[in-house]
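J.: Starting off with a structure, shown below.
The values are calculated or read from the model by the stated rules, or taken from the named source; none is laboratory data. A quick note: this is a predicted structure, and the numbers were derived from the prediction, not measured. Neighbour counts run over all protein chains shown; Cβ positions are idealised from the backbone, glycine included.
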């Protein structure tokens, strides 16, 4: 059977590109038929990457399939995966997030989790010498994943390993890192066509913090004003999104890539308390700026307190 390779729901560039990269490796190098899949529509940046490197958009699936072989990349959180993930024949997990727990497998599997900024960097390391066989499009996808996840090395999750690989790939592709990163971020910032609910779910993950279910959403952009101008309607939409998704509250952090800060929307007293307890912030209105906050994984989630 063909192995399905997929990342998390609400696919960003890493969760779109890494399945493509690993499916290529399994199929073309290891001789094991594999296909990349998505668990939702890719965001605007990921869609740009697919077009830029002439990569076919993977098919979107809602189920892993009972007994069907699959590989999960860029997450190990059951909440971000198909509901039937424990019924599938999960062969491998490759991830760079904290260990969440809750996944059960039919037999021992191969798990690789490393403290790097990007799953694609881990894939490169796992390939070893075979990484030299990557075609241009796969290299382009890998470079895109790293620049996206590191915010062109601005994110505190960036490691020297991620940066060195990105610079190596860019040199091999004849690409200027800054110019290409600007193209990525411009695509990521183009969110005008999306509804408030779509924006709140676009790059969103579920977490339970002290018994409170939170949907923690981030929007990384070089044009934060375009999003913050919609803050009233976004905050109003949070109520329905939370209810529909079984969450107690949606938190929306608008990440200003260029100024290296986050703005948290504060629709009620609960979020005000979270902001003050988690980040030591003083909240006086319906937004609060958090200087230096760029990473959900490293700075936001570990800090959250109710």
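J.: Taking into account only those residues within segment 205-223 that are buried (at least 20 other Cβ atoms within 10 Å of the Cβ) and either closer than 20 Å to residue 101 by Cβ or not assigned by TED's automatic domain parsing to the domain that holds residue 258 (or both), which is modelled with the lowest pLDDT?
T.: Ranking the qualifying residues of segment 205-223, first place goes to 205.
J.: Moving on to the next point. I'm trying to understand the selection: among the residues of segment 149-179, which are assigned to a helix (DSSP H, G or I) and either crowded, with 19+ Cβ neighbours inside 10 Å or in contact (Cβ under 8 Å) with a residue 40 or more places away in the chain (or both)?
T.: 149, 150, 161, 162, 165, 166, 169, 170
J.: Considering only segment 28-58, state which residues are within 16 Å of residue 145 (Cβ to Cβ) and part of a helix (DSSP H, G or I).
T.: 44, 45, 46, 47, 48, 49, 50, 51, 52
J.: Would you point out which residue out of 37, 9, 4 is in contact (Cβ under 8 Å) with a residue 12 or more places away in the chain, farther than 19 Å from residue 202 by Cα, under 19 Å from the mean Cα position of the chain (by Cα) and crowded, with 19+ Cβ neighbours inside 10 Å?
T.: Sole residue among the options that is in contact (Cβ under 8 Å) with a residue 12 or more places away in the chain, farther than 19 Å from residue 202 by Cα, under 19 Å from the mean Cα position of the chain (by Cα) and crowded, with 19+ Cβ neighbours inside 10 Å: 4.
J.: Here is a list of conditions, (1) at pLDDT below 95; (2) touching a strand residue (DSSP E or B) at 6+ places or on another chain (Cβ under 9 Å); (3) farther than 23 Å from residue 297 by Cβ, and residue 192 meets all of them except one; can you say which number that is?
T.: Among (1) at pLDDT below 95; (2) touching a strand residue (DSSP E or B) at 6+ places or on another chain (Cβ under 9 Å); (3) farther than 23 Å from residue 297 by Cβ, the lone unmet condition for residue 192 is (2).
J.: What's the total number of residues in segment 183-213 that are assigned to a helix (DSSP H, G or I) and in contact (Cβ under 8 Å) with a residue 24 or more places away in the chain?
T.: 13
J.: From the list 282, 287, exactly one residue is farther than 29 Å from residue 7 by Cα and touching a residue at least 24 places away in the same chain (Cβ under 8 Å). Which is it?
T.: It is 287.
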